[in-house]
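Below is one structure, written out as structure tokens; the observations come after it.
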């Protein structure tokens, strides 16, 4: 079980921990029309050109490195919880790293801390050469938490046209120039209530590598690492969300053959 639950329920017995996780699962089941069925699917392949696979939270994609991978492509399979609504949750991942031969026992090779409820898997060289802090867009995002005060203020001051995208955000219609971004930031800094953390109230989202992975709506997908169509990274939501997950690898001698990450334990399925 992932460590944030362990810490939360450190003094509880197994039945209490089981009850807590089952409560989370019951919320998902109620929201998605009933209990899920467990399915196993091959999701696709990921090109590997450097021989080193990395994985981690989108905020730190290289939390765990697996060197000496013999395969030019990594096969990605998953154990999925599929709900009546059609929604899916990724319960576990298996990454095929080479041809199966005489495989030794699996051992833990690292731990992935997740704070974005997402995991990314990609080639180390692709990460170094294509992962970008600046994406192709310039979308102005205005917070509507705890209310619409900043939205009304900026709309009036800068004559912005906006659209609500969800309960806690509105977006400016059309791209926000660098000059307009600075004007808005300077204006917020001039107001004591917003001066300390203007980024919380207004920011420009460029859909960079982190943002594309972090805002993925699907339970999993292969998406571009950078601003070009290729290379790709595999992204998935992590079971119950944030936590710390063990990464286990099976070897043939010193050659990695298969990698597994479990987000939801079978005992709680």
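Kindly list the number of the only condition in (1) within 29 Å of residue 231 (Cβ to Cβ); (2) exposed (fewer than 14 other Cβ atoms within 10 Å of the Cβ); (3) touching a strand residue (DSSP E or B) at 6+ places or on another chain (Cβ under 7 Å) that fails for residue 93.
Of everything listed in (1) within 29 Å of residue 231 (Cβ to Cβ); (2) exposed (fewer than 14 other Cβ atoms within 10 Å of the Cβ); (3) touching a strand residue (DSSP E or B) at 6+ places or on another chain (Cβ under 7 Å), residue 93 misses just condition (2).
If I filter the stretch 214-221 for residues that are outside any strand (DSSP E or B), touching a helix residue (DSSP H, G or I) at 6+ places or on another chain (Cβ under 8 Å) and under 22 Å from residue 117 (Cα atoms), do I get at least one hit?
The answer is no; no qualifying residue exists.
Looking only at the stretch 189-205, filter to residues that are in contact (Cβ under 8 Å) with a residue 24 or more places away in the chain and surrounded by 16 or more Cβ atoms within 10 Å (Cβ to Cβ); which one of those is nearest to residue 77 (Cα to Cα)?
Among those residues, the one meeting the criterion is 205.
Just to check your reading of the model, which residue among 123, 148, 137, 186 is under 23 Å from residue 235 (Cα atoms) and surrounded by fewer than 16 Cβ atoms within 10 Å (Cβ to Cβ)?
Result: 137 is the single residue among 123, 148, 137, 186 that is under 23 Å from residue 235 (Cα atoms) and surrounded by fewer than 16 Cβ atoms within 10 Å (Cβ to Cβ).
Say whether the condition of being at pLDDT 95 or above, touching a helix residue (DSSP H, G or I) at 6+ places or on another chain (Cβ under 8 Å) and either more than 21 Å from residue 66 (Cα to Cα) or assigned to a loop (DSSP other than H, G, I, E, B) (or both) is met by at least one residue in the stretch 246-267.
So far as the stretch 246-267 goes, no, none of its residues is at pLDDT 95 or above, touching a helix residue (DSSP H, G or I) at 6+ places or on another chain (Cβ under 8 Å) and either more than 21 Å from residue 66 (Cα to Cα) or assigned to a loop (DSSP other than H, G, I, E, B) (or both).
Let's see how each residue does on (1) out of contact with any helix residue (DSSP H, G or I) (no Cβ under 8 Å at 6 or more places or on another chain); (2) modelled with pLDDT of 65 or more:
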{"residue": "7", "(1), (2)": "yes, no"}
{"residue": "14", "(1), (2)": "yes, no"}
{"residue": "19", "(1), (2)": "yes, yes"}
{"residue": "33", "(1), (2)": "yes, yes"}
{"residue": "41", "(1), (2)": "yes, yes"}
{"residue": "45", "(1), (2)": "yes, yes"}
{"residue": "49", "(1), (2)": "no, yes"}
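The values are calculated or read from the model by the stated rules, or taken from the named source; none is laboratory data. Note that the structure is a prediction, hence the values are computed from the model and not measured. We place every Cβ from the backbone using ideal geometry, glycine too, and count neighbours over all the protein chains shown.
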